[in-house]
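Enquirer: Please find one structure pasted underneath; my questions will follow.
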Amino acid sequence: MKRSRPSMDQILEAQIQVLVTTRRPKTVKCYRYCAHNFLAYLHTTFPRLHKLSQLRRDPHLLAWFRFLCQQYPSPGNRTRHLHLLSVRRLLRDLANQGHPVTPDLIRREDFPPPDHYLPKPLSLEEDQQLQKQLRLADTLEVKRPPPHAGHGNPHQRMHQSSPGLPTTD
């Protein structure tokens, strides 16, 4: 009797179960969600893809990357980054365990750039309060005497701070 091989879904879920022993529940939930999203896309777009050994960067992964970018509403770069990172981790773990996974399916250059956010502007009241604090700090700096003010040359200061040593005047 021929034993059937586990499906990609079963293999990925088994790998996620391995992560349960070392990761927090929320992290495992994230891995599961990303893997489910990836597999759902593959099943819909490439219905004849059944084995990990059939998985290729082009067309499978590159098409998935485009799909992630073209969703509406589009997930942010951080979400797409998380999807790629999670699936890459699962695929690398499977390859390290001897599963026939093509190496380098998800590369560093595939990750979207981080989102850049500008800082929130200060309200007029906050700005005025900050300006007041800065002016106060400036006036405190002005009132402080400079270090060693009026103590002559450095050679003299050295001897003045050493009690018991003779000074040459």
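Enquirer: Report relative contact order for region 8-110 in percent, whole number only (criteria: Cα-Cα under 8 Å, sequence separation at least 6).
Expert: Averaging sequence separation for qualifying contacts and normalising by length gives 33 percent for region 8-110.
Enquirer: Hey, fewest Cβ within 10 Å first, where do LYS132, LYS26 land in order?
Expert: LYS26, LYS132
Enquirer: What's the exposure ranking of ASP110, ASP138, going from fewest to most Cβ atoms within 10 Å?
Expert: ASP138, ASP110
Enquirer: A further question follows. Label points 7 Å out from Cα along the Cβ direction at ARG135 and ASP115: separation in nm?
Expert: Output for this residue pair reads 3.9 nm.
Enquirer: Note the per residue figure in Å³ for the convex hull of the C-alpha positions in region 67-125.
Expert: Per residue, the Cα convex hull of region 67-125 comes to 115 Å³.
Enquirer: Oh, and also: I need the calculated FRET efficiency for the pair VAL18 and LEU122, taking r as the beta carbon distance and R₀ as 41 Å, to the nearest 0.05.
Expert: The computed FRET efficiency comes out at 0.25.
Enquirer: How large is ³J(HN,Hα) for each residue in region 16-32, as worked out from phi by the Karplus curve 6.51 cos²θ - 1.76 cosθ + 1.60 (θ = phi - 60°), to whole Hz, x for Gly and Pro?
Expert: Computed from phi, the couplings for region 16-32 are 5, 5, 5, 5, 4, 6, 10, 10, 6, x, 5, 5, 5, 4, 5, 4, 5 Hz.
Enquirer: Within 10 Å of each residue's Cβ, count the other Cβ atoms and sort THR102, THR44 from fewest upward.
Expert: In order of increasing Cβ crowding within 10 Å: THR44, THR102.
Enquirer: Binned at 10 Å from 0, what are the whole-percent values of the Cα-Cα distance distribution for region 8-110, short to long?
Expert: Answer for region 8-110: a P(r) of 14, 51, 32, 3 percent.
Values in this text are rule-based calculations from the coordinates and carry no lab data. Note that the structure is a prediction, hence the values are computed from the model and not measured. Don't worry about glycine lacking a Cβ; one is built from the backbone with ideal geometry, like all the others, and counts go over all protein chains shown.
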